[in-house]
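Below: one structure in structure tokens.
Here, each number is a calculation from the coordinates, and none is a lab measurement. All values derive from a computational prediction rather than experimental measurement. Note: ideal-geometry Cβ built from the backbone for every residue, glycine included; neighbour counts use all protein chains shown.
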Amino acid sequence: MDTITHTLFGLTLYGAVNKTGMTRKEKQALLFTTVAGSQIPDIDVISSWWDTAGRYQMWHRGLTHSVFLVPVWAAVLAVLGRWIWKTRGWFWLLIGALAVFIHDTSDLFNAWGTGYLEPFSAERVTFGTIPIVDLTFWALMLGGWLVVRYRRRRRQGAGGPA
């Protein structure tokens, strides 16, 4: 999938979390964790910087997209959250793991496939059912955002809580 779709997955995950009782710093950490977690497996794109032989696609969606690296990426995100925003608790590890898992698993559905089971299998796993850029996902997430926004405005207009 493309960067925009992964970002939208992260923003959707952020929106799905009940933030009642969270401090401003915790909300910032949550936004960072969900969006960065939705992007971090694509850190392998930096291999294109030194790829002079045109082998970038061999690296992309390889080990960094392994389901076995989900806890590693989640730990990196949790440590960064603790270091930058002073967050504590298992929630940050779990929400980071969910964001990374969504990225890795959603990439299985495009034609390129991923190294989902690396390093234990060199096989690229793919279902090949959606294109890399899928405007349907964009439309669904935009529709959900509009529904939430419309409902919030209706409640505010009716004098109810936002």
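Where the centroid of each part is defined by its Cα atoms, how far is the stretch 89-162 from the stretch 1-19 in Å?
Cα centroid of the stretch 89-162 versus Cα centroid of the stretch 1-19: 6 Å apart.
For Y116, what is the net charge nearby, where nearby means another residue's Cβ is under 11 Å from its Cβ and Lys, Arg count +1, Asp, Glu -1? Mind showing how you got there, number by number?
Details: positive: R61, R124; negative: D104, D107, E118, E123.
Its environment carries a net charge of -2.
Where does the chain land on the Kirkwood hydrodynamic radius, alpha-carbon pairs, in angstrom?
Details: mean 1/r = 0.0585 Å⁻¹.
It is 17.1 Å.
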